[in-house]
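Everything on this sheet refers to the single structure shown next.
The values are calculated or read from the model by the stated rules, or taken from the named source; none is laboratory data. Here the structure is a predicted model, which is why all the values come from computation and not from measurement. Don't worry about glycine lacking a Cβ; one is built from the backbone with ideal geometry, like all the others, and counts go over all protein chains shown.
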């Protein structure tokens, strides 16, 4: 084990001793109770199983057969979640074959950030994570289950399901993915057409043609954004059936893996030799393994928010210093768009998560002694699942070399000796940058600020031809308390156009960028946010701003006395009035009032 991994893990363990201890005490109290059908009153039991077929009622009550709860995020708006429509029938059938029962305990909302990018609905996106967690809790609150199967893939959905599941830490849980869509046009071609559209070189018809060729069928979007980073992290945490992440929804292996999830959760239930409740399973080492996997693959910046919240759900306290310190010693082993040209299907063919985890494990960058839902531990996640005779799954060792060295590298010859994310600090606050996606000659940008209070203001200035120069775009009042911290991915094409014209440009914001944020340097999640009096509210047009991803600094180069004397700007009354109303945004006003900072996980609930 690398000393850095041990050191970071140990300090997290020490920092979390009190909160983790209280969490585990609660988990143990829940484990000690009798199973639901014996514990609940007769009317409660009758309600719980009223809709089951008579034979299943007899099994679960009289024969004491295990009952598994299914929490699904199915809808057919999300291409990634549309395949889940048929999963409950498969899961119930397999449970029956195993002498168990399974019920859909509940559904949770699942919105598509791709649909709401740049629109008011995006202001609900981050908060949807905590609503999903609450929906998971509502589903499992019926308290008649001996395990849970969690069906989710996309951006806020997996973190929300995981937060909810960890509040039921006495249950064994297995996450059930659906897989990516087939490859369409390349992500680079899609981005090229977007930039052409931003310049007025092509019209809406050509743009829609390109977008529809990229997003064209069932399954997860094929770039390595937040959704696919989720899947990588579930493998690294041992919460999937091994190797399940990136198998296409309509591949025959997908159903076999889905059925295997039922057998896996049943093997981990109370009373079995391998009993493994998720609250025990997800400890400090597992959280660190997830962080390492994120860094080694150049994954989504959104997880510097989400995994802080996930860890807190298990009583574990992590922060951006932990990510930054790990990044200094974890090698970058994957180049998947936006960190490279490959999509996730090509990543999978080159060796996928199994290859990455094997190299990290063999190189001492992962804790190999953790418990996983697969009985063989982390080593099981370094192998490739294949369909065998009779439809069952077997696992094969991966080749020693990657299938394509432009996509994957061995641990002893990485793309970079350090990970893909960097912490920035200075008089503008604390922020993060996805440095792995940015060309090295753009790691340092020093230019005058141009201040915007919304992304629409920046787009209008671009369209008016006002930004044809070097500048740092400061887009403020975009934090969790201000407006729910929407992603500002719509700003990528205009800024990329300006960078392509030779201008030195960067983005600094207290908002988020998509997991697909790419080649333009962006200091994001700036904390404290402007609405809370954070230093972004002090920046004025023309201030010289320096973003230095090499040194890890983010500074307004303003005389210190003048800077200290400046009063923070306030949001305009018109902007304040527009925020939070329409399309249901008013229902989230309470969340905006109590949400923690981005570095604290943007949580709308409290640790106990």
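A few comments on the model shown:
- Filtered by the rule that a residue be farther than 20 Å from residue 270 by Cα, surrounded by fewer than 17 Cβ atoms within 10 Å (Cβ to Cβ) and in the same structural domain as residue 177 (by TED's automatic domain parsing), the stretch 24-74 gives no residues.
- Sole residue being in the same structural domain as residue 242 (by TED's automatic domain parsing), in a loop (DSSP other than H, G, I, E, B) and in contact (Cβ under 8 Å) with a residue 60 or more places away in the chain, chosen from 340, 354: 340
- Scanning the stretch 596-604 for any residue that is within 26 Å of the chain's Cα centre (by Cα), surrounded by 15 or more Cβ atoms within 10 Å (Cβ to Cβ) and farther than 18 Å from residue 306 by Cβ turns up nothing.
- Lone unmet requirement of (1) assigned to a loop (DSSP other than H, G, I, E, B); (2) closer than 28 Å to residue 225 by Cβ; (3) in contact (Cβ under 8 Å) with a residue 60 or more places away in the chain for residue 144: (2)
- Members of the stretch 519-551 found to be under 15 Å from residue 477 (Cα atoms) and more than 29 Å from the chain's Cα centre (by Cα), listed by number: 538, 539, 540
- Within the stretch 350-376, the set of residues being under 23 Å from the mean Cα position of the chain (by Cα) and surrounded by fewer than 16 Cβ atoms within 10 Å (Cβ to Cβ) is empty.
- Hits in the stretch 83-125 - residues which are touching a residue at least 40 places away in the same chain (Cβ under 8 Å), closer than 25 Å to residue 584 by Cβ and in a loop (DSSP other than H, G, I, E, B): 108, 110, 111, 112, 117, 118
Rundown of residues vs (1) in contact with a strand residue (DSSP E or B) (Cβ under 6 Å, 6 or more places away or on another chain); (2) in the same structural domain as residue 258 (by TED's automatic domain parsing); (3) crowded, with 21+ Cβ neighbours inside 10 Å; (4) under 15 Å from residue 69 (Cβ atoms), yes/no style:
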position	(1), (2), (3), (4)
142	no, yes, no, yes
153	yes, yes, yes, no
157	no, yes, yes, no
161	yes, yes, yes, yes
165	yes, yes, yes, yes
168	no, yes, yes, yes
173	yes, yes, yes, yes
178	no, yes, yes, no
211	no, no, no, no
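- Output for the stretch 539-559, where each listed residue is out of contact with any helix residue (DSSP H, G or I) (no Cβ under 7 Å at 6 or more places or on another chain) and outside any loop (DSSP other than H, G, I, E, B): 544, 545, 546, 547, 548, 553, 554, 555
- Of all the criteria given as (1) part of a loop (DSSP other than H, G, I, E, B); (2) modelled with pLDDT of 95 or more; (3) in contact with a strand residue (DSSP E or B) (Cβ under 8 Å, 6 or more places away or on another chain), the one not satisfied by residue 420 is (2).
- From the list 385, 399, 353, 331, the lone residue that is touching a helix residue (DSSP H, G or I) at 6+ places or on another chain (Cβ under 8 Å), farther than 17 Å from residue 295 by Cβ and modelled with pLDDT of 95 or more is 385.
- Looking only at residues in the stretch 237-253 that are modelled with pLDDT of 95 or more and under 15 Å from residue 388 (Cβ atoms), the one that is surrounded by the fewest Cβ atoms within 10 Å (Cβ to Cβ) is 253.
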